[in-house]
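K.L.:
Submitted below is the structure of interest, expressed as structure tokens.
The values are calculated or read from the model by the stated rules, or taken from the named source; none is laboratory data. Quick caveat, the model's predicted, so the values are computed rather than measured. All Cβ positions, even for glycine, are placed from backbone atoms using ideal geometry, and neighbour counts span all protein chains on display.
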Amino acid sequence: MSKYAVVTGAGSGVGRAAALALLGDGWTVALAGRRADALAETVSLAGNNAPKALPVPTDVGDPASVNALFDKLKSEWGRLDFLFNNAGGNVPAGPIEDLKYEDWARVVQVNLTGSFLCAQAAFRIMKNQAPIGGRIVNNGSISAHVPRPNSVAYTSTKHAITGLTKTLALDGRAFDIVSGQIDIGNAATPMTARMARGVQQANGEIKVEPTFDVTHVGSTILMMANLPLDANIQFVTIAAAKMPWIARG
């Protein structure tokens, strides 16, 4: 039986790694992201598995765009087995008093509202398909546990993702919709390239932080996706082993 997945933010980094891992295991995967060229690059990296990749340019913060994505998948596939809510964004670090409302709102719209909209659309399909059910994994981040300095928007949304994950797990229970969360610390992606130059610690120092190969995130997502629906990894943390997040700073 074919297995069908959606990965948001699939044009780079963690989303790309997850999409490639799923494709490599035989899944049919919708690649959602804002940039068509980045999605096309992910497809090209899939090699022989490229025919199972369906790139769909999508803005997860736009309800109409999200509805169009899931309507397309329901029409073409007839079912959905897995959603990886990964798309996210941030703003440069800075004092809370200097954060513009527009920047705050943009981070909330992508990181939190985008994950909600995609989960909502996935629920509508998963509750009404045969066989019923499916799995949703949200990208929480280490920032779902502890903040970096001057990161109020990003940290707030990632803490909120944990609440979303728990609620989805509870509300999906009667319908075999299983939800979990992956919290990632310093996977080597374009988003974490700044770690090599040094990032601010809680005590104000600037220090270089270690990273790890993002393909390990992809293999972890694949493991979660392939579990039967009577089993769940509710929360998993994968981080660079020497990353200073336990007792950060």
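A quick yes/no check of all residues on (1) surrounded by 15 or more Cβ atoms within 10 Å (Cβ to Cβ); (2) in contact with an Asp or Glu (Cβ under 8 Å, 6 or more places away or on another chain):
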position: R197; (1), (2): no, no
position: F212; (1), (2): yes, no
position: V236; (1), (2): yes, yes
position: W245; (1), (2): yes, no
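K.L.:
Same structure, new question: When you scan segment 73-92, do you find a residue that is among the β-branched types (V, I, T), closer than 21 Å to V214 by Cβ and touching a helix residue (DSSP H, G or I) at 6+ places or on another chain (Cβ under 7 Å), even just one?
P.N.:
The answer is no; no qualifying residue exists.
K.L.:
All but one of (1) of a type in the set (G, A, S); (2) crowded, with 16+ Cβ neighbours inside 10 Å; (3) assigned to a helix (DSSP H, G or I) hold for G180, so report the exception by its number.
P.N.:
(3)
For (1) under 18 Å from N85 (Cβ atoms); (2) among the small types (G, A, S); (3) assigned to a strand (DSSP E or B), each residue gets a yes or a no:
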residue: T165; (1), (2), (3): yes, no, no
residue: L170; (1), (2), (3): yes, no, no
residue: A174; (1), (2), (3): no, yes, no
residue: I184; (1), (2), (3): yes, no, yes
residue: P228; (1), (2), (3): no, no, no
residue: K242; (1), (2), (3): no, no, no
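K.L.:
In contact with a helix residue (DSSP H, G or I) (Cβ under 6 Å, 6 or more places away or on another chain), more than 23 Å from G13 (Cα to Cα), crowded, with 17+ Cβ neighbours inside 10 Å and at pLDDT 95 or above: does that describe I221?
P.N.:
No.
For every residue, the table says whether it meets (1) modelled with pLDDT of 95 or more; (2) in a strand (DSSP E or B); (3) within 13 Å of the chain's Cα centre (by Cα).
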{"residue": "V108", "(1), (2), (3)": "yes, no, no"}
{"residue": "G114", "(1), (2), (3)": "yes, no, yes"}
{"residue": "Q120", "(1), (2), (3)": "yes, no, no"}
{"residue": "R124", "(1), (2), (3)": "yes, no, no"}
{"residue": "I136", "(1), (2), (3)": "yes, yes, yes"}
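K.L.:
Quick one: in segment 224-234, of everything that is hydrophobic (A, V, I, L, M, F, W, C) and out of contact with any helix residue (DSSP H, G or I) (no Cβ under 6 Å at 6 or more places or on another chain), which residue is surrounded by the most Cβ atoms within 10 Å (Cβ to Cβ)?
P.N.:
Out of the qualifying residues, it is A225.
K.L.:
Please specify each residue of segment 52-103 satisfying the condition of being at pLDDT 95 or above, polar (S, T, N, Q) and closer than 26 Å to G218 by Cβ.
P.N.:
Residues satisfying the conditions are T58, S65, N85, N86.
K.L.:
May I ask you to verify whether N128 is at pLDDT below 95, assigned to a loop (DSSP other than H, G, I, E, B) and not acidic (D, E)?
P.N.:
Judged against the criteria, N128 is not a match.
K.L.:
On to the next question. So, in segment 127-146, of the ones that are over 22 Å from T220 (Cβ atoms) and either out of contact with any Lys or Arg (no Cβ under 7 Å at 6 or more places or on another chain) or hydroxyl-bearing (S, T, Y) (or both), which residue ends up surrounded by the fewest Cβ atoms within 10 Å (Cβ to Cβ)?
P.N.:
A130
K.L.:
Here is a follow-up. Select from segment 147-165 the residues that are out of contact with any helix residue (DSSP H, G or I) (no Cβ under 8 Å at 6 or more places or on another chain) and surrounded by fewer than 22 Cβ atoms within 10 Å (Cβ to Cβ) and write down the one among them that is modelled with the lowest pLDDT.
P.N.:
Top of the filtered list is P149.
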